[in-house]
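Heads up, the thing below is written out as structure tokens.
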Amino acid sequence: MDDRLYRDALGRFATGVTVVTTEYNHHIMAMTVNAFMSVSLSPKLIAISIDQKARMYHPLQQTGQFGISILTEDQELHSRHFAKQLKDEQLISFKMLKGVPILEDSLASLACRVTEKVKAGDHLLFIAEVSDFNVSNGEPIIFYGGKYRKIET
């Protein structure tokens, strides 16, 4: 199978856009992740998938906790920044939720504690229990076909 064609096929699945954050060695680390899903309501579990080449791969294993910020349609620059798509530094504000950093003004934020790690090919699945969350008003940003999109109403 052709890798590029496979990526194009997976790109046909529209996803929301999240930023995963953790504090490691007294520094906030963040990366854009669209491999995020709800796993269970009782207990409240989510999962993220992180490439073994990602800068946060080892720190997430060490900290055992992270934040998820679900981005609004106005936070595309945040996503691009943490996906290393921008050359200019962005001034991005964080706040703490249950001891983990999250982005300010996101659509929803979750504080998560890792309960299980599963090796899956060149990625590691982090299954985590949500210890706290908050929700705000707004519209999400969507990623589809390799492009950021907004919901048209």
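Any residue that is at positive phi and either assigned to a helix (DSSP H, G or I) or touching a residue at least 40 places away in the same chain (Cβ under 8 Å) (or both) - is there at least one of those in the range 50-62? So far as the range 50-62 goes, no, none of its residues is at positive phi and either assigned to a helix (DSSP H, G or I) or touching a residue at least 40 places away in the same chain (Cβ under 8 Å) (or both).
Return the total of residues in the range 22-39 being closer than 23 Å to Ile142 by Cα and free of Cβ contacts under 8 Å to residues at least 40 places away in the same chain. The total comes to 5. Among residues of the range 50-78 being surrounded by 21 or more Cβ atoms within 10 Å (Cβ to Cβ) and not hydrophobic (A, V, I, L, M, F, W, C), the one that is nearest to His123 (Cα to Cα) is Gly67. In this entry, Ala9 passes the filter for residues that are among the aliphatic types (A, V, I, L, M) and at pLDDT below 95.
Results for (1) of a type outside the set (Ser, Thr, Tyr); (2) assigned to a loop (DSSP other than H, G, I, E, B); (3) modelled with pLDDT of 95 or more; (4) within 14 Å of the chain's Cα centre (by Cα), shown as yes or no for each residue.
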residue: Gln85; (1), (2), (3), (4): yes, yes, no, no
residue: Asp88; (1), (2), (3), (4): yes, yes, no, no
residue: Leu91; (1), (2), (3), (4): yes, yes, no, no
residue: Ile102; (1), (2), (3), (4): yes, no, yes, yes
residue: Asp105; (1), (2), (3), (4): yes, yes, no, no
residue: Ser109; (1), (2), (3), (4): no, no, yes, yes
residue: Cys112; (1), (2), (3), (4): yes, no, yes, yes
residue: Thr115; (1), (2), (3), (4): no, no, yes, no
residue: Val118; (1), (2), (3), (4): yes, no, yes, no
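Only one entry in Gln75, Gln65 is over 20 Å from Glu116 (Cα atoms), at pLDDT 95 or above and not aliphatic (A, V, I, L, M), namely Gln75.
Take the residues of the range 131-144 that are part of a loop (DSSP other than H, G, I, E, B) and touching an Asp or Glu at 6+ places or on another chain (Cβ under 8 Å): which is nearest to Arg4 (Cα to Cα)? Checked the range 131-144; the qualifying residue nearest to Arg4 (Cα to Cα) is Glu139. Pairing residues of the range 115-132 that are more than 16 Å from Leu45 (Cβ to Cβ) with residues that are among the acidic types (Asp, Glu) and assigned to a strand (DSSP E or B), at Cβ distances under 8 Å and at least 6 apart in sequence or on separate chains, gives Asp122/Asp51; His123/Asp51.
The values are calculated or read from the model by the stated rules, or taken from the named source; none is laboratory data. What you are looking at is a predicted structure, and each value in this text was computed from that prediction instead of being measured. So basically every Cβ, Gly included, is an ideal-geometry build from the backbone, and we count neighbours across all protein chains shown.
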